[in-house]
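The values are calculated or read from the model by the stated rules, or taken from the named source; none is laboratory data. Please read these numbers as outputs of a predicted model, since none were measured by experiment. When we count neighbours, we look across all protein chains shown, and the Cβ atoms used for this are built from the backbone with ideal geometry, even at glycine. For the accessible areas, the whole protein counts, side chains as well, though only heavy atoms, and no ligand, DNA or RNA atoms are used. Shrake-Rupley method; radii C 1.70, N 1.55, O 1.52, S 1.80 Å.
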Amino acid sequence: MEYLFIQRTGDREKIMELLIEFKQCSKEELVSRYNRTVEVGIVGVHAQAQMIVGLHQAFRAAFEKSPIKIVDNSIISLTGKIELIGENWQYSNNSKEK
């Protein structure tokens, strides 16, 4: 699941709005939101890519790591389902990455 994110005017502001929203979420809510995104998959909608970038930044703030990969600030990919174990996340047993 990959998406080529070509930045547009207003992206930074929208991503910051989403990041503020995500930072209010618990770690459990972040994991749940990420897993729902994995279930849906990347559908190629620019607004979804903005959301994924904001979620990536929220994961890095909350966990110091993210299951979302962003290469060269443009290629976004989801790496598989995760689960919360204590205060950290790990890949689920049925996830493609471990």
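Computed from Cα atoms, the angle from the helix 11-23 axis to the main principal axis of the chain rounds to 30 degrees.
Expressed in Å, the radius of gyration and Dmax of the Cα atoms of the range 46-85 are 10.2, 32.
What FRET efficiency comes out for the pair Ile6/Ser32, r = Cβ-Cβ distance, R0 = 30 Å, nearest 0.05?
0.55
Relative to the longest principal axis of the Cα atoms of the chain, the long axis of helix 27-40 makes an angle of roughly 70 degrees. Placing +1 on each Lys and Arg Cβ and -1 on each Asp and Glu Cβ, with no other charges, gives the chain a dipole about its Cα centre of roughly 120 debye. Bridging of Lys23 to aspartates and glutamates at a Cα separation below 15 Å is possible for Glu64, once same-chain residues fewer than 8 apart are set aside.
Under a point-charge model restricted to the Cβ atoms of Lys and Arg (+1) and Asp and Glu (-1), what is the dipole moment magnitude of the range 24-68 relative to its Cα centre, in debye to the nearest 20?
For the range 24-68, the charge dipole is close to 80 debye.
Per residue, the convex hull spanned by the Cα atoms of the range 28-98 amounts to 88 cubic angstrom.
Structural descriptor for the chain: relative contact order 32 percent, calculated from alpha carbon pairs under 8 angstrom and at least 6 residues apart.
Protein heavy-atom accessible surface, 1.4 Å probe, per residue over the range 28-84: 46 Å². Within the accessible area of the range 4-98, the carbon and sulfur atoms contribute 48%, probe 1.4 Å, all protein chains present.
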